[in-house]
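Structure first, then comments.
Here, each number is a calculation from the coordinates, and none is a lab measurement. Bear in mind the structure is a predicted one, so any value in this text is a computation, not a measurement. Here the Cβ positions follow ideal geometry from the backbone for every residue, glycine too, while neighbour counts run over all protein chains shown.
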């Protein structure tokens, strides 16, 4: 088994420390799901097109909770299920994820597919897309997460 390197143990570089928190293969995809695709349940993460395995998903959800990027709450319809949602720390990644998507669309050519309903967001100012994203998350939380 390969030992995971914690960059923050040897470097205080902001990029290295950020990679410790979100630099693995799955964390940003999980956050993307919550932020842009209304994915909030374990079963929905498993159904993402990237095909995350259940053991990796469980590990990443725990890691993201430990880093205070996400929280979980009991599902209102079932005690056995949880809803996952972004904390303010996780929501602060919105402009970063938007810019990563824009970079990919601009630089990765035919490998990237942008649904028709999402295309207008690529031409809008970053602050507007970020504000719309955060408003949508807030509305979902008011509807689904008890205060």
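Summary of computed values
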quantity: Extended-chain gain in nm, criterion 0.36 nm per residue less alpha-carbon gap, residue 112 and residue 71; calculated: 11.8 nm
quantity: Linear extension gain, residue 59 paired with residue 16, 0.36 nm per residue minus alpha-carbon span; calculated: 13.4 nm
quantity: Tensor-based shape of the stretch 90-147 (alpha-carbon gyration tensor, a/c under 1.5 rounded, otherwise prolate or oblate); calculated: prolate
quantity: Kirkwood-type radius of the stretch 36-75, with distances r between different C-alpha atoms, in Å; calculated: 10.8 Å
quantity: Pairwise FRET efficiency - residue 128 versus residue 44, Cβ, R0 = 25 Å, nearest 0.05; calculated: 0.40
quantity: Mean Cα-pair separation over length for the chain, i.e. relative contact order, pairs under 8 Å, 6 or more apart, %; calculated: 18 percent
quantity: Kirkwood-based Rg to Rh ratio, the stretch 14-144, C-alpha trace; calculated: 0.95
quantity: Per-residue Cβ neighbour rank within 10 angstrom, fewest leading, 15, 132; calculated: 15, 132
quantity: Segment residue 136-residue 103, length gained on full extension (0.36 nm per residue, minus Cα span); calculated: 9.6 nm
